[in-house]
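Taking it in order: structure first as structure tokens, then the write-up.
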Amino acid sequence: MKTIFKPTPTVLTIAGFDPYGGAGIQIDSKTIHALGGYAYTVTTALTAQNSQGVYALEPVSPEMLRLQLTTLLDDVKVDAVKIGMLANTALIEVVVDVLKKYALSNIVLDPVMISSSGKELLEEEAVDVMVQRLFPLCRLITPNLMETNALLGTQYKGEMKESIVMANGLFKLGADAVLLKGGHGIEKEAVDCLVEPSGVTCISTPRVNTSHTHGTGCMLSSAIATYLAQTFTLKSSVKGAKNFLYERLQASKDLNLSYQSNNHDKKEPIF
Ligand code: PLP
């Protein structure tokens with residue numbers, strides 16, 4: 001009997017490079033492979049960072065970003081795209097051009113703006129370009145609380161009674177769907193609200209008390225992209241990804257890295 005080999009689902013991640021291994025293309029690759037996909041990785045920026053935060057950032061040139069993308073996409077097919085840190089307007093313009101040129105689909109954008117340690121990861125003046133030009137190409141955007149306030153000009157604190165209003169406000173910005181993440185909110189559970197044209201679905205998991213929270217947003221968005229690459233519906237992809245993140249956070253204490261100093265204020269990789 002002949003064995004029929006199914007193609008491996010492929011996900012292109014366009015994101016920043018984290019030498020500490022917990023965010024950006026590093027955690028995206030680990031996530032995509034853990035879920036049975038194959039990761040193509042194109043970087044937008046180098047960073048210098050550790051468990052204390054992001055110290056420096058150097059974007060690649062627009063020419064180099066374009067070449068990384070076109071060299072790869074002239075050769076391989078991708079089933080889904082995860083986009084993370086974009087750094088500046090010129091890099092957003094390149095990404096928009098390339099997504100259109102290759103008619104890429106299943107695009108999940110984590111609209112990364114600032115790290116939890118406070119470093120700006122997207123220039124302020126690039127936010128409008130991201131909204132106007134990139135959001136309309138996206139199957140899903142996944143803003144957190146701070147990004148929601150930056151996008152809507154609000155003072156939302158993550159209270160559940162406001163979340164659906166906020167999520168609907170984000171939906172009006174032009175993406176096909178929005179997942180407003182509740183991880184930074186004040187509710188007991190981490191509740192994420194998915195808005196699709198067909199309506200709102202809220203998905204909840206218990207909060208996990210761990211220092212291993214670096215790159216949670218990157219992991220969630222790349223897991224969603226991997227499920228979409230496997231042809232799951234958007235709702236199933238989001239539920240599967242949220243569950244995967246919850247399970248990995250619960251198991252995150254298994255990762256036991258050694259450090260040079262006894263600083264207790266660490267944000268560590270998830271896996
Ligand atoms: N470094 C890179 C490359 C990132 O993409 C991000 C967030 O998306 C961060 C650092 C910050 O991660 P966190 O805020 O989870 O520590």
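A few notes on this one:
- Per-peptide average of other Cβ atoms within 10 Å, ordering 224-232, 14-22 highest first: 224-232, 14-22
- Across the accessible surface of the chain, with the other protein chains kept in place and a 1.4 Å probe, carbon and sulfur atoms take up 53 percent.
- Neighbourhood net charge (11 Å Cβ-Cβ; Lys/Arg +1, Asp/Glu -1) for T31: +2
- For trypsin sites (Lys or Arg not before Pro), the sites in region 103-161 that DSSP calls loop and that have at most 16 other Cβ atoms within 10 Å are K119, K157.
- Amide H within-cut-off set for N50, under 5 Å, with H built and near neighbours excluded: Y55
- With N as its number of residues, the chain has a Cα radius of gyration that, divided by 2.2 N^0.38 Å, comes to 0.96.
- When the Cα convex hull of region 44-85 is projected onto planes of every orientation, the mean area is 3.9 nm².
- M130 contributes an accessible area of around 0 Å² to the protein surface, as traced by a 1.4 Å probe with all chains present.
- Per-residue ellipticity at 222 nm from helix content only, as computed over the chain with -39500 (n - 2.57) for each DSSP H run of at least four residues, stands at -10000 deg cm²/dmol.
- Applying 1/(1 + (r/R0)^6) with r as the Cβ-Cβ distance of A150 and K100 and R0 = 25 angstrom yields a FRET efficiency of 0.45.
- Listed by chain and number, the lysines whose alpha-carbon sits under 28 Å from that of K253, ignoring those within fewer than 8 places in the same chain, are K30, K82, K119, K181, K188, K239, K242, K266, K267.
- In the full protein context, region 10-251 carries 41 Å² of accessible surface per residue, based on a 1.4 Å probe and ignoring ligands, DNA and RNA.
- Backbone HN-Hα couplings from phi across region 153-161 [Karplus 6.51/-1.76/1.60, Hz, Gly and Pro as x]: x, 10, 10, 4, 10, x, 6, 4, 5
- ³J(HN,Hα), Karplus 6.51/-1.76/1.60, whole Hz, each residue of region 79-92, x for Gly, Pro: 8, 7, 10, 10, 10, x, 4, 10, 6, 7, 4, 4, 6, 4
The values are calculated or read from the model by the stated rules, or taken from the named source; none is laboratory data. What you are looking at is a predicted structure, and each value in this text was computed from that prediction instead of being measured. Glycine gets a Cβ as well: all are built from the backbone with ideal geometry, and neighbour counts include every protein chain shown. Side chains are part of the model used for accessible areas, which takes the heavy atoms of the whole protein and leaves out ligands, DNA and RNA. Shrake-Rupley method; radii C 1.70, N 1.55, O 1.52, S 1.80 Å.
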